[in-house]
1. Kindly check whether there is at least one residue in the range 204-211 that is surrounded by fewer than 20 Cβ atoms within 10 Å (Cβ to Cβ) and within 28 Å of the chain's Cα centre (by Cα).
2. Within the range 189-202, restricting attention to residues that are open to solvent by 60 Å² or more (accessible area, probe 1.4 Å) and touching a helix residue (DSSP H, G or I) at 6+ places or on another chain (Cβ under 8 Å), which residue is modelled with the highest pLDDT?
3. Of these, Arg218, Arg138, Arg147, which one is open to solvent by 60 Å² or more (accessible area, probe 1.4 Å), more than 29 Å from Ser288 (Cβ to Cβ), in contact with a helix residue (DSSP H, G or I) (Cβ under 9 Å, 6 or more places away or on another chain) and in contact (Cβ under 8 Å) with a residue 60 or more places away in the chain?
4. Filter the range 48-79 down to the residues that are surrounded by 16 or more Cβ atoms within 10 Å (Cβ to Cβ), over 33 Å from the mean Cα position of the chain (by Cα) and outside any helix (DSSP H, G or I) and list them by number.
5. Restricting the first residue to the range 170-194 and requiring it to be more than 19 Å from Lys254 (Cβ to Cβ), which pairs with a second residue that is modelled with pLDDT of 65 or more and open to solvent by 40 Å² or more (accessible area, probe 1.4 Å) meet a Cβ separation below 8 Å and a spacing of at least six or different chains?
6. So, in the range 282-297, of the ones that are among the aliphatic types (A, V, I, L, M) and surrounded by fewer than 19 Cβ atoms within 10 Å (Cβ to Cβ), which residue ends up nearest to Leu210 (Cα to Cα)?
7. Among the residues in the range 150-158, are any under 30 Å from Ala279 (Cα atoms), β-branched (Val, Ile, Thr) and open to solvent by 40 Å² or more (accessible area, probe 1.4 Å)?
8. Do the conditions hold for Val166, that is, is it in a helix (DSSP H, G or I), among the β-branched types (Val, Ile, Thr) and over 22 Å from the mean Cα position of the chain (by Cα)?
Amino acid sequence: MTDDAPTARLAPVQPGPADAFPLRELEIGTPDKRGRTVIDILWAVQDFKIYKTDKGISPQFSDDPQQARQQRQDYMALGPELADLNQQINLLNTGWGRMLAWITRKFGASDDPRLAYYERETARGIAQALSGQPDEGRATLADLNTRISKRLSNILRVLYFSICVVATLEIAVGLAIYTKTMTAPETETLLGLNVFELCVAAVMGCLGALLSTAIGLRRLAIDPAATLTINITYAIQRMLVGVLGAVVLHISLKSGIVSNLLGTTASAPAEAGTIYKLAFVSLLAGFSERLVPNLLDRAAETYGKENTTAPPSGGATPTS
């Protein structure tokens, strides 16, 4: 055991397996020490190189073992920032990002030049850390992560709104075709309600939801990590909430419940111009997500109290 001690102390000075791949052998088109083909060299100095493969961006440390050890420590200090950054860049290349890339190609661009910029900035942050400035490297990567996150949010908001527009058009066109097939849309009823008026309420409620989404688009919070299917579902769900809200409000107006809740004597209007009033209140119901739920809560509270039976007066209080 004692004979092995000097050897153990000298071992770190000898180039280990990880250092057996010299910097000069790392070139574009050649495999790195893990066998991955180098696509591009983003940063190259005497003591290290930062390069790109199909798996991402990686550093090649110094040929000097002692300096390489320090570089590894500084590189490991970038762990949280690199993890967040890798996730953001991966989102730009998958899911919603793939859709954006497809749109970009349709307009004649072969690639997104900002992706190359993000890769260069990532390499710069890593280079700062490997040059003995880990704090500056973390700041560079954190700032880059913020910029990518803002860009992703803007992209997702535009795509989300586009899905809402498509859903609105499909609902409006579908109901328009449906009413055209009716022989007498003015007289046909469904559960005692005029079908044409229900269709008008549904379309205007959907338009109200679309208007609300457009106005609040800048403040809209979208999870970039959510799948495309989930975000499409959320967009369609928002339009359906507008449709259902408008239909529920139309039914409540016809029943006279709204008048009772508001303390007025007005019932569902029957004079000329009713269809325009219906269109407006339906638009309002779709625009305000909380209008109909608040109305339902108020109705439940009001009619719940009326149905509550009071305990008989003069009754004996049970004792234990």
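The values are calculated or read from the model by the stated rules, or taken from the named source; none is laboratory data. Computed from a predicted model, the values in this text were never measured in an experiment. Don't worry about glycine lacking a Cβ; one is built from the backbone with ideal geometry, like all the others, and counts go over all protein chains shown. Calculation scope for accessible area: heavy atoms of the full protein, side chains included, ligands and nucleic acids excluded. Shrake-Rupley method; radii C 1.70, N 1.55, O 1.52, S 1.80 Å.
1. Taking the range 204-211 first, the residues surrounded by fewer than 20 Cβ atoms within 10 Å (Cβ to Cβ) are 211.
Narrowing further to those that are within 28 Å of the chain's Cα centre (by Cα): 211.
Scanning the range 204-211 turns up at least one residue that is surrounded by fewer than 20 Cβ atoms within 10 Å (Cβ to Cβ) and within 28 Å of the chain's Cα centre (by Cα).
2. Quick first cut of the range 189-202, residues open to solvent by 60 Å² or more (accessible area, probe 1.4 Å) only: 189-192, 196.
Still in the running and touching a helix residue (DSSP H, G or I) at 6+ places or on another chain (Cβ under 8 Å): 189-190, 196.
Values: Thr189: 62, Leu190: 63, Phe196: 84.
Checked the range 189-202; the qualifying residue modelled with the highest pLDDT is Phe196.
3. Details: Arg218 fails: more than 29 Å from Ser288 (Cβ to Cβ); Arg147 fails: in contact (Cβ under 8 Å) with a residue 60 or more places away in the chain.
Result: Arg138 is the single residue among Arg218, Arg138, Arg147 that is open to solvent by 60 Å² or more (accessible area, probe 1.4 Å), more than 29 Å from Ser288 (Cβ to Cβ), in contact with a helix residue (DSSP H, G or I) (Cβ under 9 Å, 6 or more places away or on another chain) and in contact (Cβ under 8 Å) with a residue 60 or more places away in the chain.
4. Scanning the range 48-79 gives Phe48, Lys49, Gln60, Phe61, Ser62, Asp63.
5. Listed pairs, sorted by first residue: Ala172/Leu207; Met182/Phe196.
6. Leu284
7. Yes, the range 150-158 has at least one match.
8. no
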